[in-house]
1. Scanning for something in the same structural domain as residue 220 (by TED's automatic domain parsing), at pLDDT below 80 and in a helix (DSSP H, G or I), does the range 267-274 turn up at least one residue?
2. Report, by residue number, each residue of the range 193-205 that is outside any loop (DSSP other than H, G, I, E, B) and either outside the structural domain of residue 280 (by TED's automatic domain parsing) or without any contact (Cβ under 8 Å) to a residue 40 or more places away in the chain (or both).
3. Could you list, in sequence order, all residues of the range 206-223 that are assigned to a loop (DSSP other than H, G, I, E, B), at pLDDT 85 or above and either touching a strand residue (DSSP E or B) at 6+ places or on another chain (Cβ under 8 Å) or within 30 Å of residue 383 (Cβ to Cβ) (or both)?
4. Given the conditions (1) assigned to a loop (DSSP other than H, G, I, E, B); (2) within 20 Å of residue 383 (Cα to Cα), and given that residue 397 satisfies all but one, which numbered condition is not satisfied?
5. Out of curiosity, is residue 306 surrounded by 20 or more Cβ atoms within 10 Å (Cβ to Cβ) and modelled with pLDDT of 85 or more?
6. Being in contact with a strand residue (DSSP E or B) (Cβ under 9 Å, 6 or more places away or on another chain) and either without any contact (Cβ under 8 Å) to a residue 60 or more places away in the chain or not assigned by TED's automatic domain parsing to the domain that holds residue 184 (or both) narrows it down to one of 418, 363, so name that one.
7. Of all residues being over 11 Å from residue 357 (Cα atoms) and surrounded by 14 or more Cβ atoms within 10 Å (Cβ to Cβ) in the range 377-391, which is farthest from the chain's Cα centre (by Cα)? Just the residue, please.
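The values are calculated or read from the model by the stated rules, or taken from the named source; none is laboratory data. Only a predicted model underlies this, so the values are computations on that prediction, with no experimental measurement involved. Glycine also receives a Cβ, built like all others from the backbone with ideal geometry; neighbour counts cover every protein chain displayed.
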């Protein structure tokens, strides 16, 4: 590695840099001649105002000379004339070249009583020459010092290549406390104990409890893992090291292990302390995995980390907090008790958690009193803390753009649509395409409203967002941890409602590609019902495991876990579920064709129908249909 460092230093002086340095040096060498030479304009002026020796004698005879200064060093006489044009107190004299012997000139000056004297410019000329020389010597010296300094820094960097890059704070001032973290109360409680361990260890050691060595934060992106680490650092008031897993690994074997050793050495010097490793999966992946073997550098780094966390020497007083959203790829030796004693799940918040998160992020925002944070929380199932923070920020941006003083429910609704579906596009013009999209979206919403096991419709719109030309939102009434077979079939039926409406109204030849994503989603749900959840005639069997990644060193090819006969039956059951749901969707739409047409006309006119209004219209048509049936029955009797 040392040889490589030297090569790197030599490589720094590229041909371009050498050429540039040479040009700079050449220009500096030209400075003396530039500043030492007489400019052309000054030379012309001197020629125009000069006198010859004989002319000077004549002017002395005519008594036109006022004063003469004799400079024996340069053999020049500086002559001041009487009545010179434009003469000022600081008027420059006329220079006259002297002879080797100037006896006649001196006698003439004495005879005419002209003021004259001898001056010397040797000292001033020497000083000017020294300054001109320094003008190019000093920059060259500075340039040499700059290159020497760079070379020294590069060599010191090569020597410090294996040093840890962790950020160290004697007392972390992250500006985040546990009060700023909401929606993950269970995780906060687990981590508050870690802070208490650091502040008051005697409370636990008195009953024989030992301080946990490591806490692993596991959860999907955006749930607040790094925020929790900042809160621990802000609350603990102990030395804090923070580093990312990718900062250990380099292309040179052994550097990562050296950085791990250096990190724990510094931590032991400042114990008790905290070490936070973000995205630990970058260095903690399973060893001996992947096609063609693992990366030696990553494995050596992981081995060193395992040794430092729980090896022969131990690391008393050091608590490691790590975060990852890929716990399945971590090495089992890293996850065992003694290294990471606790695994804290930081999952997406529930309804109450979203309410608390919205309260935290709304502290510094002007929100209208009519806005209900509870209603926002109910409308955003599955949102993480980062999503909710982004939602309120988008609403604030829209409020500023519209020049309002406070965030209203209109900005909240638009922000939800922006976060979920993307940026709003240009509204469609009234045409056959717009009417077809209206039938498609109303088909989804109408089937979802008619089916009892489906989530209620939130909004239907023809305003394009992202890649979608029209959208239908469904919002569950409550948190759904488990989904029943009837709910899955209701979702498949409602998803097929768009294609069913197109076929009923326009016929099979006119169905469009707009249902492409719907069909993919439907096929995936139906296949999971058959192969994963055991919700078909094949019985309660799990026929397909979740796919595993090749780089984890598992199976190279996903071998089939069932026979070809079972595979044919699976395909048959998937097709049967989808076909039955499609038939039911067409029957419901044909039965409520009047409501379908009325809703389509209303949607084309208004472009957006709110969920409450949509359900109200559907209920009125159902009641009207029931009255018509009752009247027909009474007439027949």
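1. No: zero hits.
2. Taking the range 193-205 first, the residues outside any loop (DSSP other than H, G, I, E, B) are 193-199, 202-205.
Residues satisfying the conditions are 193, 196, 199, 202, 203, 204, 205.
3. The answer is 219, 220, 221, 222, 223.
4. So residue 397 meets the others, but not (1).
5. On the way: surrounded by 20 or more Cβ atoms within 10 Å (Cβ to Cβ): no; modelled with pLDDT of 85 or more: yes.
No: the conditions fail for residue 306.
6. On the way: 363 fails: in contact with a strand residue (DSSP E or B) (Cβ under 9 Å, 6 or more places away or on another chain).
Going through 418, 363 in turn, the sole match is 418.
7. First, pick out the residues of the range 377-391 that are over 11 Å from residue 357 (Cα atoms): 378-382, 390-391.
Within this subset, residues satisfying the condition of being surrounded by 14 or more Cβ atoms within 10 Å (Cβ to Cβ) are 378-381, 390-391.
Values: 378: 29, 379: 27, 380: 24, 381: 25, 390: 14, 391: 17 Å.
Going through the qualifying residues, I end up with 378.
Let's see how each residue does on (1) at pLDDT 90 or above; (2) under 25 Å from residue 435 (Cβ atoms); (3) out of contact with any strand residue (DSSP E or B) (no Cβ under 6 Å at 6 or more places or on another chain):
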residue: 572; (1), (2), (3): yes, no, yes
residue: 575; (1), (2), (3): yes, no, yes
residue: 587; (1), (2), (3): yes, yes, yes
residue: 594; (1), (2), (3): yes, yes, yes
residue: 601; (1), (2), (3): yes, yes, yes
residue: 627; (1), (2), (3): no, no, yes
